[in-house]
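Bear in mind these aren't lab numbers, they're just calculated from the coordinates by the rules spelled out. On a predicted model such as this, the values are computed, not experimentally measured, just so you know. Every residue, glycine among them, receives a Cβ derived from its backbone with ideal geometry; neighbour counts consider all protein chains shown.
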Amino acid sequence: MSQGFKSSPVALVVGASRGIGRQVAIDLAKNGYTVVVAAKTVTGGPLPVPFPPDPNSQQSTITTVCREIQDAGGRATAIQVDTRDPSSIQRLIDSTIELHGSIDALIYNSGAIWWSSVENTPLKRFKLMQSVNVEGLYAILQAALPQFGKQGWKARVVVVSPPIYSRFFRGKTAYAMGKVAMSVLTKGLAMDWKREGKKDMAITSIWPAVAIQSAATPDPRMIAELRKPTIFSDAILEILQSPPENISGQLVLDEDFLRERGVTDFSTYSLVAGADPRRIMPAVLPDLTVAEEDDEGHRIDSAKLRAKI
């Protein structure tokens, strides 16, 4: 458990109705977190039978995930949110604080996907991805920052977004534009916090090294190439337990991050026993820093300039 957290830290998992987000919420609860399970989909009537439902199906909602956690003895609350709507995001933050008093960990897993060329990506689809992926993340951080301040600037943020490298853009430029922007936000906000002396704040991006079973990987021909989502939740738990100076601003891969922390056997994560899933990420990623990294010159702050007018 991260230093500085109370005995039952509060984790807000956005995009937790199915797949990877569901697994993250469940495993955080197993490890002592009070979890707020947030997403757009809820179960309006009786719970599905059999229960729990297929974790990658439409029957898996924040209602069922919350119930799964509670049935296992964990603490969870389901709060509906539309990440395209800033007012809905603000209600989520306000409700979380009203119910639980703090937000110690914020995991942003919401995402819209469309993998195709620019020619074959309609503007409407592009706007949806920007709204959910980039604007949703930005809006939830803006809404949470005042609460982080009230907590004495002690919190962790984990973003599901990739390392930045050129091959990622191929065949899915519109999607990559948003996901890379999320990683830029991770880098930039970490720099802000470091400059401002907020030593107990950390934001980290995480991405799978090998494809993970989820609603986005329904093709049965892929099954031997997939890992269980538990590798992702295990890596996130390690991030939350790491000193902030070691992980803030980092764009990590689940396998590589766990390997650096002593994990050597990844066979248990294979969806098919005995399979050796293909790695989809490069072994070595580019270093984005430059020699003049610390030379800001005359720094301009538009907010301060506007305040003087």
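Computed over the chain, relative contact order equals 17 percent, with contacts defined as Cα pairs under 8 Å that lie 6+ residues apart. Derived scalar couplings between HN and Hα for the stretch 50-61 equal x, 10, x, x, 3, x, 10, 9, 5, 6, 7, 9 Hz in order, rounded to whole Hz, by the Karplus curve 6.51 cos²θ - 1.76 cosθ + 1.60 (θ = phi - 60°), x for Gly and Pro.
Each peptide among 239-247, 28-36 gets the average number of other Cβ atoms lying within 10 Å of its residues, and from highest to lowest they stand as 28-36, 239-247. Highest mean first, the peptides 250-260, 163-173 sorted by other C-beta atoms within 10 Å per residue fall in the order 250-260, 163-173. Between the beta carbons of Lys30 and Thr173, assuming R0 = 35 Å, the FRET efficiency works out to 0.35 to the nearest 0.05. Peptides 78-87, 47-56, 194-203, ordered by how many other C-beta atoms sit within 10 Å of their residues on average, highest first, read 78-87, 194-203, 47-56.
For Arg75, the residues 5 or more places off, or on other chains, whose built amide H falls under 5 Å of its own are Val35. When the Cα convex hull of the stretch 187-260 is projected onto planes of every orientation, the mean area is 5.4 nm². Computed from backbone phi with θ = phi - 60° and the Karplus coefficients 6.51, -1.76 and 1.60, the 3J(HN,Hα) list for the stretch 17-22 is 7, 7, x, 4, x, 4 Hz; x is used for glycine and proline. From helices alone, the chain scores -11000 deg cm²/dmol at 222 nm; the rule is -39500 (n - 2.57) for each run of n ≥ 4 DSSP H residues, then divide by the residue total. When Rg and the Kirkwood Rh are both derived from Cα coordinates, the Rg/Rh ratio for the stretch 215-296 amounts to 1.06. In nm, to one decimal, how far is the Asp295 label point from the Asp219 one, both placed 7 Å along Cα→Cβ? For Asp295 paired with Asp219, the spin-label model returns 4.7 nm. Computed about the Cα centre, the dipole magnitude for the stretch 263-309 is approximately 400 debye when only Lys and Arg (+1) and Asp and Glu (-1) carry charge, each at its Cβ. Here is the P(r) of the stretch 22-150: all C-alpha pair distances, binned every 10 Å from 0, give 12, 38, 34, 14, 2 in whole percents.
Calculated over the stretch 10-308, the projected area of the Cα convex hull averaged across directions stands at 17.9 nm². What the phi angles of the stretch 187-198 give under the Karplus curve with 6.51, -1.76 and 1.60, with θ = phi - 60°, is a coupling list of 4, x, 5, 4, 5, 4, 5, 5, 4, 8, x, 8 Hz, glycine and proline written as x. Take every pair of alpha-carbon atoms less than 8 Å apart whose residues are at least six positions apart; their mean separation over the length of the stretch 17-91 yields a relative contact order of 38 percent.
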